[in-house]
Amino acid sequence: MTARPSKIVCIGRNYRAHAAEMGNDVPAEPLIFLKPPSSVIADGEPIRLPALSGQVEYEGEIAVVMGARASHVTEREAEGLVRGIAAFNDVTARDLQRRDSQWTRAKGFDTFAPVGAEYARTEDWGVLTVITRVNGVERQRAQAGLMVFAIPKLIAFISSIMTLEPGDLIATGTPAGVGRLTSGDTVEVEIQGPDTRTVSRVGNPVVAGE
Ligand code: MG
């Protein structure tokens with residue numbers, strides 16, 4: 001990340017298996033929420049576990065980086081407005097997410113949005129694979145083709161609600177296998193292209209915060 005995005009739009013329950021592991025159905029239309037720009041950290045920076053939460057979890061995701069302003073665009077137009085993709089960790093205070101009726105607190109702590117280096121472009125988003133490892137052990141793996149709502153659909157949908165600006169991030173949802181982070185862990189999210197080449201990764205140590 002070179003500059004802070006003006007906003008991070010996140011998608012909830014966009015993989016059937018993850019919705020099921022949380023006891024939810026998939027939504028009839030994209031479920032969106034926001035993380036604040038102040039939550040962004042880069043590769044290598046620590047995720048700080050807030051004292052307010054006893055259950056902080058990783059959510060490995062594919063983030064789309066917008067390259068142009070988008071307002072009321074079609075799915076077809078949306079594809080040409082993307083600048084790249086990046087590995088993203090939608091760090092979540094799961095206990096607070098359950099306690100609150102909306103997710104601003106659970107998703108919005110400082111350091112809760114690790115973002116990897118941006119990969120310039122990809123021809124076919126459906127074949128990207130997101131992988132999450134904790135202390136080197138694989139915990140999540142899924143192809144983008146399994147998304148309930150594909151990336152062009154997400155961009156068009158969000159742009160019908162709010163104007164997307166260059167540099168804005170869309171975190172496209174996490175697959176099954178979410179789990180807890182504790183102090184001393186290292187968590188890594190990797191995005192692979194069709195030839196299993198790494199196109200973006202973000203790795204972060206986990207430390208006690210305040
Ligand atoms: Mg998420």
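Things to note:
- Separation of segment 93-164 and segment 1-74, taken as the distance between their Cα centroids, equals 4 angstrom.
- With contributions of -39500 (n - 2.57) from each DSSP H run of at least four residues, the per-residue ellipticity at 222 nm computed over the chain stands at -3500 deg cm²/dmol.
- Zone residues, segment 184-209, relative to R99, backbone N less than 18 Å from point 7 Å out along Cα-to-Cβ: 209
- The chain - percent relative contact order, Cα under 8 Å, separation 6 or more: 33 percent
- Max mean-square fluctuation residue, GNM over the chain, Cα-Cα springs under 10 Å, options Q102, Q143, Q192: Q102
- Computing FRET efficiency as 1/(1 + (r/R0)^6) for E79 and E29, where r is the C-beta to C-beta distance and R0 is 22 Å, gives about 0.65.
- Accessible-area ranking of L146, L34, L81, largest first, probe 1.4 Å: L146, L34, L81
- Under the Karplus curve 6.51 cos²θ - 1.76 cosθ + 1.60, θ = phi - 60°, whole-Hz ³J(HN,Hα) for segment 99-106, x wherever Gly or Pro sits: 6, 8, 7, 9, 10, 4, 5, 4
- Accessible surface of V127 - all protein chains present, 1.4 Å probe, nearest 10 Å²: 40 Å²
- Sequence-distant lysines (8 or more away, or on other chains) whose Cα lies within less than 23 Å of K153: K7, K35
- Model label points for R16 and T186, set 7 angstrom from Cα along the Cα-to-Cβ axis, are 3.6 nm apart.
- Just so you know, the Rg over Rh for segment 13-137 is 0.96, from Cα atoms, with Rh as the Kirkwood radius.
- Taking θ as phi - 60° and the Karplus parameters 6.51, -1.76 and 1.60, the scalar couplings of segment 168-181 work out to 4, 10, 10, 8, 8, x, 10, x, 5, x, 4, x, 7, 10 Hz in sequence order, x denoting glycine and proline.
The values are calculated or read from the model by the stated rules, or taken from the named source; none is laboratory data. Not measured: the values here are computed from a predicted model. Using ideal geometry, Cβ is built from the backbone for each residue, glycine included, and neighbour counts are taken over all protein chains shown. Surface accessibility is based on the protein's heavy atoms, side chains included, excluding ligands, DNA and RNA. Shrake-Rupley method; radii C 1.70, N 1.55, O 1.52, S 1.80 Å.
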